[in-house]
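Student: Below is one structure. I have some questions about it.
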């Protein structure tokens with residue numbers, strides 16, 4: 001069965017009608033490609049009868065990664081409707097806001113999630129609890145429906161997926177059928193996805209990564225999909241073997257969690273050939289390939305689709321890829337292009353203050369806006385260009401190096417530092433299972449570098465480790481180190497940086513600090529915290545032992561991607 005060149009997701013779904021190969025696996029249950037298309041057609045017919053006349057054709061989906069999720073995505077495509085992925089970790093007023101903001105008239109919800117709605121005021125929203133007798137009764141009359149892609153057009157909205165940002169509440173980014181179908185075809189071609197491949201979907205489907213980078217290329221190529229209800233590091237390899245998975249996507253700390261599982265002699269006994277995602281980092285990507293024999297392809301793409309960078313052969317270590325025409329690094333205040341990054345022989349960026357800026361797409365881009373959020377949309381489209389909100393630097397050959405999210409900006413003693421690049425240096429520390437770097441305000445220097453480390457921490461060994469890193473600049477060494485048993489993460493397994501920044505030094509976990517001019521770390525006390533709020537923390541004991549590292553703010557060798 002060959003892949004289709006459908007311009008809409010509806011055409012890709014309809015193309016699987018009559019395809020009786022296995023197509024969807026979930027917890028011991030298997031559906032053929034034909035059964036998936038038939039199930040989508042039945043739900044599309046039901047949807048056409050249930051949506052109120054004149055209402056926006058939006059349905060909310062509050063589900064774990066169960067078969068109902070791709071079935072309703074496919075149904076919405078056939079019906080010319082849009083799915084708003086609702087995050088099941090949201091609560092109360094935030095959950096109400098997500099559902100009402102996207103104008104969902106129907107909410108498909110797992111019976112197990114119904115308690116999340118207790119006490120919520122959701123006027124005009126009809127609930128469809130899956131796995132109930134009522135749900136099965138509603139679907140029964142539509143069992144003979146045949147998928148019809150003629151109702152859908154490439155410009156029809158298909159996804160409203162939430163993405164956070166600096167403008168406050170999460171924003172619902174719009175993705176049309178044409179853009180999702182094109183993304184699926186592009187990734188299927190880039191990675192050589194075949195009809196006999198199996199895509200393992202373990203990232204949450206309310207997030208764009210799982211739908212755009214995992215489900216869509218499988219659909220475009222006619223490949224199978226295996227679902228994991230929720231990501232499990234301990235269950236990852238067993239699932240890969242059970243479903244004979246060949247491809248998966250990841251975001252955030254997922255790779256670190258998998259690497260933290262106990263190694264086994266048969267770790268390479270599987271069918272997996274490729275992982276595609278973001279934020280694994282060079283250290284963990286190399287460790288994953290050594291242990292499992294699987295290459296991880298790190299890419300960059302803004303959630304909204306406004307800019308993307310692809311790795312290609314010849315890309316220097318630590319770089320994401322080469323900038324395509326239109327992609328530039330700009331000073332956000334002057335809108336002028338930043339000068340090329342200048343790296344010394346040790347791999348340190350010696351002009352970070354000038355070279356680090358915001359990645360901007362001044363060429364054509366597929367950003368389709370935010371739902372009912374003109375302020376956030378205007379922020380992205382300043383000067384007629386697409387501003388990613390992410391920090392990069394670009395070398396003289398046009399290769400881009402990720403320097404962190406916009407909120408990760410650090411400026412210490414007048415110099416711009418890259419949180420992402422510091423993290424990749426600290427990831428080499430043997431006791432670290434996960435690392436996050438962020439700024440804490442300083443009344444004199446502007447910012448100080450703070451790191452949170454999940455795992456074991458020996459202050460003396462850590463200080464020695466820092467001193468041995470040739471690419472760690474003098475201002476890059478963390479002034480403060482918070483030690484946690486497990487890194488706090490969001491529902492998509494990304495580090496909860498906003499929470500870490502908000503708590504700063506006033507947290508329940510132990511914090512170690514290095515007084516100015518000293519090499520050694522010691523425990524931070526309440527008196528130290530009060531002193532920091534009033535002025536620079538000065539050493540209270542012992543002679544100066546000198547700084548650690550040397551040079552300037554960022555490193556070329558292992559930039560996050």
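The values are calculated or read from the model by the stated rules, or taken from the named source; none is laboratory data. None of the values given here were measured: they were computed from a predicted structure. Note that each Cβ is placed from the backbone with ideal geometry, even for glycine, and that neighbours are counted across all protein chains shown.
Student: Kindly indicate the residue of the stretch 188-219 that is in contact with a helix residue (DSSP H, G or I) (Cβ under 9 Å, 6 or more places away or on another chain) and more than 21 Å from residue 300 (Cα to Cα) and also surrounded by the fewest Cβ atoms within 10 Å (Cβ to Cβ) among those meeting that condition.
Tutor: By that ranking, first place goes to 194.
Student: Looking at (1) modelled with pLDDT of 95 or more; (2) farther than 21 Å from residue 298 by Cβ; (3) not in a helix (DSSP H, G or I), find the lone condition where residue 394 falls short.
Tutor: (2)
Student: Of the residues that make up the stretch 23-35, is at least one part of a helix (DSSP H, G or I), touching a residue at least 40 places away in the same chain (Cβ under 8 Å), out of contact with any strand residue (DSSP E or B) (no Cβ under 8 Å at 6 or more places or on another chain) and buried (at least 21 other Cβ atoms within 10 Å of the Cβ)?
Tutor: Within the stretch 23-35 (the criterion being part of a helix (DSSP H, G or I), touching a residue at least 40 places away in the same chain (Cβ under 8 Å), out of contact with any strand residue (DSSP E or B) (no Cβ under 8 Å at 6 or more places or on another chain) and buried (at least 21 other Cβ atoms within 10 Å of the Cβ)), the answer is no, since none of the residues qualifies.
Student: Quickly run through the stretch 369-384 and pick out the residues that are touching a residue at least 12 places away in the same chain (Cβ under 8 Å) and surrounded by 19 or more Cβ atoms within 10 Å (Cβ to Cβ).
Tutor: Hits for the stretch 369-384 are 370, 371, 373, 376, 380.
Student: Same structure, new question: Those residues that are without any contact (Cβ under 8 Å) to a residue 40 or more places away in the chain and buried (at least 19 other Cβ atoms within 10 Å of the Cβ), I need them from the stretch 453-478; list them, please.
Tutor: Of everything in the stretch 453-478, those that are without any contact (Cβ under 8 Å) to a residue 40 or more places away in the chain and buried (at least 19 other Cβ atoms within 10 Å of the Cβ) turn out to be 453, 454, 465.
Student: Continuing with this model, one more query. Give just the number: which of (1) modelled with pLDDT of 90 or more; (2) surrounded by fewer than 20 Cβ atoms within 10 Å (Cβ to Cβ); (3) touching a strand residue (DSSP E or B) at 6+ places or on another chain (Cβ under 7 Å); (4) not in a loop (DSSP other than H, G, I, E, B) does residue 388 not satisfy?
Tutor: Just one mismatch for residue 388, condition (2).
Student: Check off (1) closer than 30 Å to residue 110 by Cβ; (2) free of Cβ contacts under 8 Å to residues at least 12 places away in the same chain for residue 265 and give me the number that stays unchecked.
Tutor: The failed condition is (1).
Student: For residues in the stretch 348-376 being more than 27 Å from the chain's Cα centre (by Cα) and assigned to a loop (DSSP other than H, G, I, E, B), which is farthest from residue 304 (Cα to Cα)?
Tutor: Only one residue tops the list, namely 350.
Student: I've got another one for you. For residue 309, are the conditions met, namely being outside the structural domain of residue 437 (by TED's automatic domain parsing) and surrounded by fewer than 15 Cβ atoms within 10 Å (Cβ to Cβ)?
Tutor: Judged against the criteria, residue 309 is not a match.
Student: For the stretch 487-500, state whether one or more residues are without any contact (Cβ under 8 Å) to a residue 40 or more places away in the chain and in a helix (DSSP H, G or I).
Tutor: Within the stretch 487-500, one or more residues are without any contact (Cβ under 8 Å) to a residue 40 or more places away in the chain and in a helix (DSSP H, G or I).
Student: Follow-up question, since we're still on this one. Which residue, of 80, 28, is outside the structural domain of residue 130 (by TED's automatic domain parsing) and over 18 Å from residue 205 (Cα atoms)?
Tutor: Exactly one of 80, 28 is outside the structural domain of residue 130 (by TED's automatic domain parsing) and over 18 Å from residue 205 (Cα atoms), namely 28.
Student: How many residues does the stretch 213-240 hold that are farther than 21 Å from residue 278 by Cα, assigned to a helix (DSSP H, G or I) and in contact (Cβ under 8 Å) with a residue 12 or more places away in the chain?
Tutor: Residues that pass the stated criteria total 4.
Student: Just one of 154, 170, 147, 195 is touching a residue at least 12 places away in the same chain (Cβ under 8 Å) and not assigned by TED's automatic domain parsing to the domain that holds residue 39; which is it?
Tutor: 195
Student: Separate question: In the stretch 309-330, how many are assigned to a loop (DSSP other than H, G, I, E, B) and under 19 Å from residue 420 (Cβ atoms)?
Tutor: Summing the residues that are assigned to a loop (DSSP other than H, G, I, E, B) and under 19 Å from residue 420 (Cβ atoms) in the stretch 309-330 gives 9.
Student: With (1) crowded, with 19+ Cβ neighbours inside 10 Å; (2) at pLDDT 50 or above as the list, and residue 552 as the residue in question, which single condition is left unmet?
Tutor: (2)
Student: Name the residue, out of 412, 435, that is at pLDDT below 95, surrounded by fewer than 24 Cβ atoms within 10 Å (Cβ to Cβ) and in contact with a strand residue (DSSP E or B) (Cβ under 8 Å, 6 or more places away or on another chain).
Tutor: Sole residue among the options that is at pLDDT below 95, surrounded by fewer than 24 Cβ atoms within 10 Å (Cβ to Cβ) and in contact with a strand residue (DSSP E or B) (Cβ under 8 Å, 6 or more places away or on another chain): 412.
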